[in-house]
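Since every read-out is calculated from the coordinates, none of them should be taken as a lab result. No experiment lies behind these values; they were computed from the predicted model shown. Reconstructed Cβ throughout: ideal geometry from the backbone, glycine too, with neighbour counts over all protein chains shown.
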């Protein structure tokens, strides 16, 4: 499986920045972390059909796995409690 293209990475990064801004937080200022997570999201999309969070296990149970499609159901509470989501793409502003 080939790596995501630079264009795919930049498009998802822009979408993620816009989402974060609309929610009152931001992308991690460490671009290496952001690009690593985005590559993982895009690889999961190619391999498994959805932007599953790369830091969580995909079970194959669609009803359960929908919870871990980025932005996952856990990110808001994790940012509030820890200052960042589990994978580190989103952080407190």
**OP:** Confirm whether residue 50 is in contact with a strand residue (DSSP E or B) (Cβ under 7 Å, 6 or more places away or on another chain), surrounded by 12 or more Cβ atoms within 10 Å (Cβ to Cβ) and in a loop (DSSP other than H, G, I, E, B).
**Re:** yes
Original post:
Among the numbered criteria (1) surrounded by 15 or more Cβ atoms within 10 Å (Cβ to Cβ); (2) without any contact (Cβ under 8 Å) to a residue 24 or more places away in the chain; (3) in a helix (DSSP H, G or I), which single criterion is violated by residue 72?
Top reply: (3)
Original post:
Exactly one of (1) out of contact with any strand residue (DSSP E or B) (no Cβ under 8 Å at 6 or more places or on another chain); (2) surrounded by fewer than 14 Cβ atoms within 10 Å (Cβ to Cβ); (3) not in a helix (DSSP H, G or I) is unmet by residue 86. Its number?
Top reply: (2)
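Do you know which residues across segment 1-30 are assigned to a helix (DSSP H, G or I), farther than 23 Å from residue 77 by Cα and out of contact with any helix residue (DSSP H, G or I) (no Cβ under 8 Å at 6 or more places or on another chain)?
Step one: filter segment 1-30 for residues assigned to a helix (DSSP H, G or I), giving 6-23.
Now narrow it down to the ones that are farther than 23 Å from residue 77 by Cα: 6-11.
Scanning segment 1-30 gives 6, 7, 10, 11.
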